[in-house]
1. Mind checking the alpha-carbon convex hull of segment A:214-315 and giving the volume per residue in Å³?
2. Using only alpha carbons, build the gyration tensor for the protein assembly as shown and give me the equivalent ellipsoid semi-axes, biggest first, whole Å.
3. Got a sec? Charge dipole of segment A:216-315, +1 on Cβ for Lys and Arg, -1 for Asp and Glu; which of A:299, A:228, A:269 is way out at the positive end?
4. Test of understanding: express the Cα radius of gyration of chain B as a ratio to 2.2 N^0.38 Å, with N the residue count.
5. List the GluC sites (Glu not before Pro) within segment B:227-283 that DSSP assigns to loop and that have no more than 11 neighbouring Cβ atoms inside 10 Å.
6. In Å, what Rg and Dmax follow from the Cα atoms of segment B:217-342?
7. Based on a Kirkwood Rh over C-alpha pairs, give the Stokes-Einstein translational diffusion coefficient of segment B:158-209 at 10 °C and viscosity 1.306 mPa s in µm²/s.
8. Given springs between every Cα pair under 10 Å in a Gaussian network model of chain C, which of C:238, C:267, C:181 has the largest fluctuation?
Amino acid sequence: MVSYIVRRLLQFIPVLFLASIAVWAIIYAVPGSPATALVGTDATPEALAAAEQRLGLDKPVPLQYLQWLSGAVVGDFGDSAINGAPVLGQLAERIPASLQLAFFSLMIGLLLALPLGIVSALQPRSVLTKVINVYQAAALAIPTFWVGILLIIGLAVKRNVFPSVSNFVPLWVDPVGAFRHTFLPALCLGIYISGIIARFVSASLKDTLAQDYVRTARAKGAGEMAIMSRHVLRNSLVPILTQVVMAIPFLFTGSLLLEAGFGIPGLGAVTFEAIQANDFSTLRAMVFLGSLLFILGQILTDISYTLVDPRIRLQ
Amino acid sequence: MTDTSLSPALQALVSNSIVLLLIVGGVLGGRAIRKNDIWRGACSGLFARRRLSVIVVGLYVLVALADSISWVGGSAAGEDQVAAHEARSLIDRAFAGTKEKSYSAPFSKTEFYDKSPLRHPKKHWFGTDVLGLDVVYVTLKGAKVALLIGGLTSLITIPLALFFGMTAGYFGGKIDDAVFLLVSILASMPGILLLIVLIMVMGRSTLSVCIALGITSWVGFCRLSRGEAMKLRELDYVAAARALGASHTKILMRHILPNLMHLVVITFVLLFSSLVLAEATLAWLGIGVDGSWGQMIAAAKDELSRDPIVWWNIAPAGAALFFLLLAVNLVGDALRDVLDPRTLGERT
Amino acid sequence: MSTLLELEGLTTSFPIEGKLVPIVDEVSLKIDEGKCLALVGESGCGKSMTALSILRLVPRPGVITSGEIRIDGRNILPYSVPQMRAVRGDDVSMIFQEPMTSLNPVTRVGDQVLEALRLHEKVSKKAAQQRGVALFKRVGIPDPEARFRSYPHQMSGGLKQRVMIAMALITKPRLLLADEPTTALDVTIQAQIIELLRELQRDFKTAILLITHDLGVVNQLADEISVMYAGRVVETGPRQKLLGSPSHPYTKGLLAALPSRALPGQPLFEIQGTVPSPKDWPEGCRFRGRCAEAREVCAASIPRLQDNPPGLTRTACFAREESP
């Protein structure tokens, strides 16, 4: 199995490499220079040129890329144009907040999706399932940040149940406070995710329930509970797992507006600021990290497959 | 369409031709469906399950078409001179001359802030926005924009993804590796970020936004069609066709492609709603398409913090978007059930 | 010799285009203890559904609409679900056609076999394991201890079918429903499995309802044969009598179509026409569209099983009633 993982890692190195080039090239093509962040938009041409030289922007493009790449592999992504601090350090500071948000969102998403998916798979023709179908469609019909705004107005501003501007309260410092601050944004993301995952849970369960070996189990006299736990769940896990793992990078990077709207100091918020300030170093680092996360997610999914399905393990 | 300087007459011509094309396409498509047992069964299955949603989508389409049939000239009383020279659609004309000075509440008789009497008291069902335009009018115009975002982009995305996915899955080998590489690179970049950066590069016209949305969303369907093509390639009738000497192109066109069409339909519908949602995000960041519901809400977000709250121009836009996407999603789900290959042949 | 299983007028229907169509139509049959009844017919004639009906495993939207299923004289049709579960796998076991997909791919085969045992008997894990391995040996699985811990994908089709047989027999059921047990296997393996079933039937005294379309298998295992067509039993009787002197036109056609019965130089016999789908079943006798002896009365009503000709087999055919 170790060789399998190593092989997968090696497969992804060219992807990472090419992705970094693509990232770099695209951001390079954005009009406007990162130097303006340093000297302001109405600086003299000389000041601009001087700033550019300081940022190393006057060197030939491939050289700039190589410089960046050599820094990137050791974790040096340059300094943020906004406040001059090293990018990696800044991003690292924000990770716990995003991690907490992602964790809570995933929990809420799964807590919603699993029962909904199970019910609609076991009772496909009931009224409850029809309601669930409409819920799934509705969950994917509103942008998450709109839900956020409605929740803020409804619950935070008018009624002060939850704070309207969330701060990052780490879970291990103050669990209740962490819950209060993270619940609303996590709910927004969680609802969206549940809309996607519930469908996969339902489809996967239905597929498994239709398999011949479930019929064999029934013919042996096994009860429904036994069938679910021993035969159905493990076999349904694979597609569900794929979806859950694929959702994780989305949780980190797609929560851009949500974090900004709720005031959570996470990776999404810092990206948002970087976009507005033309902070290319940060943007490049974020996209690079995003790719890294995605690839790690793929590998994690593969590993989890091998744990669940012995056919893969013993290849 | 591209917001650049096409003359009004030309704009009208383009709009009207597209409407004509769509209607003709719809009629021809309808006939083709009626002849084909499987698709006809699928359609009737769809109507049986989600009649309301299909009707709702149809209504939106009608509104969008009404907003696309336009011509230059003619002027209503009280209309300013500029308007007479622009290409104005049916909807524009229906609401011609209803412009007020600024905000007014629904069914109100007076302006919101200075309380001066409206030109058309009690006529504005949802009041007027900051420019004095009737909110119902602006909301209706958003339908065409939404359908454009979803429809045009899908039109770009799906053939692209289909081509790459089909060839990768069918031919395998080096082609598959190359496509896999491309797909991985794109898929690994965080979607929203890539989207924003692309728009910063390409500019903010409707076409650029559609292209950017297309680039960031073709990967999903590419993977799907690749998987299906790989499965189809192994089927006996493909081997039989090859044994009879059919060329690869012929096999792709006659055996693989038709068996992917059901996925195309489902993906088209489901992609539609994620595209519209993505545009709403872009609008919130200020780089959306002009006139979209997302932009209406983004422009109005400050009003929510005023006292009293100005809610009447956000609500219709939000509701319009929500109900369109809800209906589209429900139709997409029903299509998925109806076009399931396992049940496809059973309905005839 | 007492009657173990008796089906009387069993009807299982499916809704097709709005109507309830009896896929199993008033089927009656009887199996004595320790005997083997072969249920023979082409694909789609309802034989598999009959077996599934016995265990009340009819897939949705099918439903058993009438009749009685009697085991040891007790009608089990009104049984509640928990009562049925006690019957399944214990009194009546079933093996299926596709050993490839009938085993859970992520569980070891030994565990799956033991599941059958421990659902119905209180046995310690160790004792159960011993019995399982012993049974593996008995059904001819080489290296039984190692195989006990294997996963399905590590075994061939023939081995998997032996596992299925072990799984079905570990509780020493009185009746085994075998749905096309050899159809998906190679011919050489088929012979081994049939031989195995014969031995086991002898040793365990298990009655078998053998469902198949393979007359060769029937010849080797069956004591009695019932022929089904379009949901109905058209002829039934002892093996030698039915195979030697078939009475119903359909049975005659089936046997005449056997390549071994063809005369050299002559074209192979075939029954004209094709099996109608349930949507298109005609009024009256469903075989009349393909029957050389069809007459007017055949269109008017459905023939019932009668003792004609007397002394041989029971046949459902108006032509035989007139002139046995």
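1. Output value, Cα hull per residue: 120 Å³.
2. 65, 35, 27
3. A:228
4. 1.15
5. Details: sites: B:228, B:234, B:279; in loops: B:234.
For GluC sites (Glu not before Pro) across segment B:227-283 that sit outside H, G, I, E and B with at most 11 neighbouring Cβ atoms in 10 Å, the list reads B:234.
6. 21.7, 76
7. The calculation lands on 126 µm²/s.
8. Of C:238, C:267, C:181, the most mobile in the Gaussian network model is C:267.
Computed from the coordinates by the stated procedures, all read-outs in this text should not be read as laboratory data. Remember, it's a predicted structure, so these values are computed and weren't measured experimentally. Methodologically, a virtual Cβ is constructed for each residue, glycine included, from the backbone with ideal geometry; neighbour enumeration extends over all protein chains shown.
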